[in-house]
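The next block holds one structure in the form of structure tokens; read it before the comments.
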Amino acid sequence: MKKSSKIRVGIIGLGVIGEKILCAFQKHPKFEIVSICDVVKERAELISQKLNGIVYYTDYKELLQNSDVELVYVAVPPKYHHLVALDVLAAGKHILCEKPLANSLEEARAMSEHAKQAGVVHAMHFPVYYTKAFKYINNFVTSEKIGEIRRVEINTHFHKWPCEWQQTDWIGGREQGGFVREVFPHYIQLTQALFGKLEHIQSQLELPADSDKCETGILASMKLSDGTPLLINGVSQIAQQERIAFTIYGTNGTISLVNWIKLEVGKYDEPLTEISLQPVDPTLDLLMNLANAIKGDRADIIDFQAGYEIQKVLEALLQKI
Ligand SMILES: NC(=O)c1ccc[n+]([C@@H]2O[C@H](COP(=O)([O-])OP(=O)(O)OC[C@H]3O[C@@H](n4cnc5c(N)ncnc54)[C@H](O)[C@@H]3O)[C@@H](O)[C@H]2O)c1
């Protein structure tokens, strides 16, 4: 049978995000899902049925032996990223890995090094980077509209953690869960994409007495490479609807990304007002860039080296380094 010219994808991990990105791969003209895997057989079977009986596995190593698979999307919980990704790279397949890259700095370093040596495309799933809102922010901070940047702030306020839509067994745990690991990589990535490396990271974590449970608060400060302060204020279990805001304050203008997609802008002595942007699925743009990278064309992807730089900040925030 003649193989299609589409990039053939295998997916490992069919949970909350795995299923969501599976739908994006399905919609995208450049990709074709050829096999899937989840350790939970019922889950793999169910998704296989939805995909007209596509080949499924419960052992990811069998998926990696399938020579049809060119690109592997890894969407297992964070503590398995390292193990699975190293095997994907050893099998010589392109990889799209979920964030955070790893569950420790050592793992992230090894993944980045192996990825460089493997001679394949290695990318991470950071959808916010591909939104129209982020493109707008990028233009704003490099224009006169912002003036001199005085401060950057990341505020994450949750009335409840884990959130309603992501009730998995690991996400409220200290080993690999918590909102710092889950949410902050996105905003560290955006900050590094805009301003480069972050320095002088000081962090104060608020941890519950139960050592199995994740943090309930974080107060941290860092500096951009030009010395501009970056402040972090994260807290959960408070009486306020969930609100996540990434704000850049300038002398001429201030810009804020609220709850992932809502963009607010204000000029000097004016309130912040919402900028309306046409909603598009940023993952489709990410996948277009990934397809271009695999074809050897120009592409804007966030690779494992960038993932390692993000992990350095993440581990410092978690007071692990
Ligand atoms: N980029 C984003 O916007 C975004 C959003 C949410 C989650 N995530 C990340 O995606 C990853 C998965 O998160 P989730 O919420 O989907 O978790 P989840 O627990 O819902 O899903 C993980 C799935 O992986 C399966 N699994 C575990 N070990 C496996 C293995 N060895 N082989 C095959 N399958 C295995 C589990 O059975 C489960 O179905 C995490 O790293 C998380 O941080 C990213």
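Yes/no matrix, rows are residues, columns are (1) more than 16 Å from Val34 (Cα to Cα); (2) out of contact with any helix residue (DSSP H, G or I) (no Cβ under 6 Å at 6 or more places or on another chain):
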{"residue": "Glu62", "(1), (2)": "no, yes"}
{"residue": "Val74", "(1), (2)": "no, no"}
{"residue": "Ala85", "(1), (2)": "yes, no"}
{"residue": "Lys93", "(1), (2)": "no, yes"}
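With open to solvent by 60 Å² or more (accessible area, probe 1.4 Å), closer than 30 Å to Ala115 by Cβ and of a type outside the set (S, T, N, Q) as the only criterion, which of Lys262, Lys267, Lys295 stands out? Show your work before the answer.
Numbers: Lys262 fails: closer than 30 Å to Ala115 by Cβ; Lys267 fails: closer than 30 Å to Ala115 by Cβ.
Exactly one residue qualifies, and that residue is Lys295.
I'm trying to understand the selection: among the residues of segment 47-101, which are more than 20 Å from Phe31 (Cα to Cα) and polar (S, T, N, Q)? Correct list: Thr58 only. Looking at (1) open to solvent by 60 Å² or more (accessible area, probe 1.4 Å); (2) within 12 Å of the ligand (Cβ to nearest atom), find the lone condition where Ser5 falls short. If we test Ser5 against (1) open to solvent by 60 Å² or more (accessible area, probe 1.4 Å); (2) within 12 Å of the ligand (Cβ to nearest atom), just (2) comes out false. Applying the set (1) closer than 26 Å to Phe184 by Cβ; (2) within 15 Å of the ligand (Cβ to nearest atom); (3) over 22 Å from the mean Cα position of the chain (by Cα); (4) not aromatic (Phe, Trp, Tyr) to Val55 leaves exactly one unmet item: (1).
Looking only at segment 38-46, decide whether some residue is outside any helix (DSSP H, G or I) and modelled with pLDDT under 95. The answer is no, given that none of the residues of segment 38-46 is outside any helix (DSSP H, G or I) and modelled with pLDDT under 95.
Under the condition of being of a type outside the set (Val, Ile, Thr), crowded, with 18+ Cβ neighbours inside 10 Å and not in a loop (DSSP other than H, G, I, E, B), the residues counted in segment 115-151 number 11.
Do any residues in segment 134-148 that are hydrophobic (A, V, I, L, M, F, W, C) have Cβ atoms under 7 Å from those of residues that are loosely packed, with under 15 Cβ neighbours inside 10 Å and assigned to a loop (DSSP other than H, G, I, E, B), where the two are at least six apart or on different chains, and which pairs are they? The qualifying pairs are Ile146/Asn252. Take Leu83 and decide whether it is in a helix (DSSP H, G or I), more than 24 Å from Lys6 (Cα to Cα) and aliphatic (A, V, I, L, M). Judged against the criteria, Leu83 is a match.
Look at segment 280-308: where a residue is in a helix (DSSP H, G or I) and at pLDDT 95 or above and a partner is basic (Lys, Arg) and surrounded by 19 or more Cβ atoms within 10 Å (Cβ to Cβ), sitting 6+ places away or on another chain with Cβ atoms under 9 Å, you get Gly307/Lys99.
Against the condition open to solvent by 20 Å² or more (accessible area, probe 1.4 Å) and of a type in the set (Gly, Ala, Ser), how does Ser225 come out, does it pass? Judged against the criteria, Ser225 is a match.
Within segment 68-88, how many residues turn out to be more than 7 Å from the ligand (Cβ to nearest atom) and either open to solvent by less than 10 Å² (accessible area, probe 1.4 Å) or among the basic types (Lys, Arg) (or both)? Steps first, answer last, please.
Initially, segment 68-88 is screened for residues more than 7 Å from the ligand (Cβ to nearest atom), giving 68-74, 79, 82-83, 85-88.
Cutting the leftovers down to either open to solvent by less than 10 Å² (accessible area, probe 1.4 Å) or among the basic types (Lys, Arg) (or both) gives us 69, 71-74, 79, 85, 88.
The total comes to 8.
Figure legend. Inter-residue proximity from segment 115-131: first residues closer than 15 Å to Ala24 by Cα, second residues of a type in the set (Ser, Thr, Tyr), beta-carbon distance below 7 Å, spacing 6+ or different chains. Indicated pairs: Pro127/Thr283.
From the set of residues in segment 190-204 that are open to solvent by 10 Å² or more (accessible area, probe 1.4 Å) and in a helix (DSSP H, G or I), which is farthest from the ligand (Cβ to nearest atom)? Explain how you work it out, then say what you get.
The first filter runs over segment 190-204 and keeps only residues open to solvent by 10 Å² or more (accessible area, probe 1.4 Å), leaving 192-204.
Now narrow it down to the ones that are in a helix (DSSP H, G or I): 192-195.
Details: Gln192: 16, Ala193: 15, Leu194: 19, Phe195: 21 Å.
The selected residue is Phe195.
The values are calculated or read from the model by the stated rules, or taken from the named source; none is laboratory data. Treat the numbers as computed from the prediction; the structure is a model and nothing was measured. Every residue, glycine as well, gets a Cβ built from its backbone with ideal geometry; the counts of neighbours run over all protein chains shown. To get the accessible areas, we keep the full protein, side chains included, count just its heavy atoms, and leave off ligands, DNA and RNA. Shrake-Rupley method; radii C 1.70, N 1.55, O 1.52, S 1.80 Å.
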